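Accompanying notes for the structure given below.
The values are calculated or read from the model by the stated rules, or taken from the named source; none is laboratory data. Values in this document were obtained by computation on a predicted structure and should not be read as measured data. Here the Cβ positions follow ideal geometry from the backbone for every residue, glycine too, while neighbour counts run over all protein chains shown.
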Amino acid sequence: MERYVMFMLKRAQSVLFTQAFFASLLFSAASLTAIPAQADSAASRPTPMGKPVDAGSMVQFVPNIFPTGQGLPSGMGLAKNGAVLYQAQCASCHGRKGEGGTAQELIGGEGPLNAPDADKTLRTYWPYATTLFDTILRSMPPATPGHLSHDEVYSLCAYLLSENGLWAIDQPMGAQELAAIVMPNRNGFIRKFP
Amino acid sequence: MSTFLDRRVFLEQGLRLSLATAAAGALPVSQAQSQDAPPLVSKGVEGIPTEPQAKTDLASQHRAGQAFSNYGMPSVHEKRVIRLIGSNRMVLGNGVSWTPLESLEGMVTPTGLHFERHHNGVPEVEPARFTFTLHGMVAKPLCFDLAGLLRYPLQSRMLFLECGGNSNAGWHEEPMQKPVGSFHGLVSCSEWTGVPLSYLLDEAGVNSKATWAIAEGLDAAATEVSIPISKLREDALLALFQNGERLRAENGYPLRLVLPGWEGVRQIKWLHRLEFTDQPVMSRNETGEYTQLLPSGKAEQFDFVMGPKSLITSPSYGQTLGTRGVFEVRGLAWSGHGAVAKVEVSADGGKSWSTAHIDGPVMSKCFARFRAAWKWDGKPAVLQSRVKDDQGNIQPTRAHLVAQRGRNGYFHYNAIVSWAVDSDGTVRHVYA
């Protein structure tokens with residue numbers, strides 16, 4: 001419906017432009033500043049104002065990290081390093097044992113999700129491990145986001161996932177390993193789109 | 001028995017109704033009151049009803065007034081009409097502020113009272129250094145500065161904007177007793193003006209295999225969500241102006257993505273890039289949060305459209321009716337699917353309904369202000385409103401919504417709101 005309205009509006013505009021064109025012929029001396037008729041739709045498109053993007057400026061962006069692993073940077077982390085980082089950077093809000101505090105619970109949570117007071121935690125609810133890396137890298141900790149190295153973020157992921165029983169504690173974690181993790185609730189979502 | 005009356009009753013009787021708002025603790029407006037038009041008295045902040053002045057103070061006509069001002073502010077007497085803030089004590093920039101719906105009239109939300117939901121504060125973005133970038137699956141990655149964006153044809157639309165988590169206290173087991181704005185006030189309505197995004201998509205040449213774009217803000221949470229390209233082409237605006245002026249910092253200055261009718265979290269503030277892809281990014285705000293867990297244990301994801309919703313803003317919790325008589329029941333209705341087609345009101349908890357008057361103009365995906373004349377007989381009543389939109393969607397009862405979605409859904413609560421009026425004139429929130 002809205003598209004139809006837009007179409008009608010565009011038609012109305014072109015009629016106006018046509019009228020302006022004939023008016024400008026009749027009063028050519030006085031119509032130097034009149035809007036000219038648009039012979040085809042290509043000519044009526046807005047003047048393109050986009051400028052080419054140099055690759056350097058895009059490197060500065062925080063990567064969007066997809067469930068396929070696309071966007072994951074190189075690096076490697078260990079749970080034992082993550083445990084130290086966690087206590088220093090995360091525990092004040094998420095709790096010393098990840099039990100939650102002023103920020104959400106990160107370690108624990110019991111199923112099932114069809115219980116009356118279901119726990120929507122990392123372990124029970126989150127469908128992708130890549131989301132954990134993406135969230136930490138771009139936004140954590142809130143006071144100083146964007147300062148953790150890629151190795152540190154891998155270490156935090158290894159720690160949190162191993163504490164949740166989803167990763168072997170002494171196994172190094174990199175891009176391939178993280179993307180390969182299948183979270184328990186991977187198939188728990190019904191997409192309303194597409 | 002209390003009844004809804006023809007709206008013309010107000011005109012015929014020449015009555016002037018008064019409204020006092022809970023947050024403002026304001027004076028009843030009306031000077032001349034008849035027994036048929038009792039004032040709707042606020043408890044006020046101190047809980048003491050304020051009596052109307054017997055006589056207008058005319059002293060101001062004998063004093064020189066204040067000088068001009070460069071930017072107008074609300075009357076000094078309206079200082080209590082504010083956004084109430086609920087934020088995380090460790091991360092002050094994570095939380096919300098609510099639009100005080102109980103204190104407002106009409107359908108436009110004053111810009112300074114537009115609700116806020118920030119994940120890590122309001123960033124300071126320097127306009128001279130700002131660029132907006134389109135990249136990923138496009139023929140030509142492009143960036144735009146603000147001067148460039150302002151060269152495009154602009155479009156203005158009146159649109160409501162609602163947080164996906166608005167009204168989530170409705171899922172609570174017991175009805176929450178708070179003013180309507182502190183319960184349902186994560187929704188506001190503005191005129192947004194900006195560049196239709198479709199122009200820029202054509203310019204960059206979006207790959208035909210691309211189906212999603214990842215939108216990202218310049219806030220400290222670098223908030224990012226996935227948006228179907230079909231919506232970006234259909235009616236997305238790159239908003240530069242709100243209610244006629246450039247965006248306020250807390251509403252996304254200098255650039256905000258506006259997606260008519262969709263949940264607020266998608267409408268990224270401080271928008272600085274769109275990455276075109278063939279898959280959603282599955283960010284935290286579209287997996288762990290802003291998804292709706294169903295009784296089955298499965299959760300709904302990418303439920304973008306805010307459903308049909310209405311609520312009575314007056315009388316509402318915190319207000320007290322004076323003596324029995326005629327009142328105007330006032331409220332707001334909206335739907336993310338289209339335009340409000342009909343609003344009905346009930347004073348008996350939904351057993352019988354009357355059609356409310358809707359102030360025009362009625363626009364798609366925009367607030368509509370509704371009104372109904374109601375004669376209160378002094379007996380307990382339960383006031384409700386329900387909306388039907390022009391796409392045939394009807395606002396559900398709470399019982400229906402809970403039966404369908406359980407109580408762990410948390411997001412997209414749009415059930416009928418019930419206010420119980422007790423015989424002493426106090427107004428409570430109830431589940432009916």
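So, in the range B:120-168, of the ones that are among the aliphatic types (A, V, I, L, M) and without any contact (Cβ under 8 Å) to a residue 40 or more places away in the chain, which residue ends up surrounded by the most Cβ atoms within 10 Å (Cβ to Cβ)?
B:Ala147
Can you name the number of the only condition in (1) under 26 Å from B:Ala220 (Cα atoms); (2) in a loop (DSSP other than H, G, I, E, B); (3) within 14 Å of chain A (Cβ to nearest Cβ) that B:Thr133 fails?
(2)
Provide a single number: the residues in the range B:221-232 that are assigned to a helix (DSSP H, G or I) and more than 10 Å from chain A (Cβ to nearest Cβ).
Summing the residues that are assigned to a helix (DSSP H, G or I) and more than 10 Å from chain A (Cβ to nearest Cβ) in the range B:221-232 gives 2.
Go through the range A:167-194 and give me each residue that's within 18 Å of A:Ala79 (Cβ to Cβ), surrounded by fewer than 17 Cβ atoms within 10 Å (Cβ to Cβ) and within 14 Å of chain B (Cβ to nearest Cβ).
Within the range A:167-194, A:Ile181 is the sole residue that qualifies.
Any idea which residue in the range A:165-194 is nearest to B:His412 (Cα to Cα), counting only those that are aromatic (Phe, Trp, Tyr) and touching a residue at least 60 places away in the same chain (Cβ under 8 Å)?
A:Phe189
Test A:Thr135 against the stated conditions and say whether it is touching a Lys or Arg at 6+ places or on another chain (Cβ under 6 Å), buried (at least 19 other Cβ atoms within 10 Å of the Cβ) and within 14 Å of chain B (Cβ to nearest Cβ).
Spelling it out, A:Thr135 is indeed touching a Lys or Arg at 6+ places or on another chain (Cβ under 6 Å), buried (at least 19 other Cβ atoms within 10 Å of the Cβ) and within 14 Å of chain B (Cβ to nearest Cβ).
Restricting attention to the range B:136-157, and to residues there that are in a helix (DSSP H, G or I) and small (Gly, Ala, Ser), which single residue is farthest from the other protein chains (Cβ to nearest Cβ)?
B:Ala147
Tell me, please, whether a residue that is assigned to a helix (DSSP H, G or I), of a type outside the set (S, T, N, Q) and within 11 Å of chain A (Cβ to nearest Cβ) can be found in the range B:235-244.
Checked against the condition, which is being assigned to a helix (DSSP H, G or I), of a type outside the set (S, T, N, Q) and within 11 Å of chain A (Cβ to nearest Cβ), the range B:235-244 yields at least one hit.
Does at least one position in the range A:150-160 carry a residue that is assigned to a loop (DSSP other than H, G, I, E, B) and either within 11 Å of chain B (Cβ to nearest Cβ) or modelled with pLDDT of 95 or more (or both)?
no
Residues to consider are B:Pro175, B:Pro179; find the one that is more than 14 Å from chain A (Cβ to nearest Cβ) and touching an Asp or Glu at 6+ places or on another chain (Cβ under 6 Å).
B:Pro179
Look through B:Val91, B:Val96, B:Val108 and report the one residue that is within 22 Å of the chain's Cα centre (by Cα) and assigned to a loop (DSSP other than H, G, I, E, B).
Testing whether each residue is within 22 Å of the chain's Cα centre (by Cα) and assigned to a loop (DSSP other than H, G, I, E, B) leaves just B:Val108.
Please find, among B:Thr277, B:Thr313, B:Thr291, the residue that is buried (at least 24 other Cβ atoms within 10 Å of the Cβ), in contact (Cβ under 8 Å) with a residue 12 or more places away in the chain and not assigned by TED's automatic domain parsing to the domain that holds B:Pro396.
B:Thr291
Is there a residue in the range A:162-173 that is within 22 Å of the chain's Cα centre (by Cα) and either within 14 Å of B:Thr287 (Cβ to Cβ) or of a type outside the set (D, E, K, R) (or both)?
no
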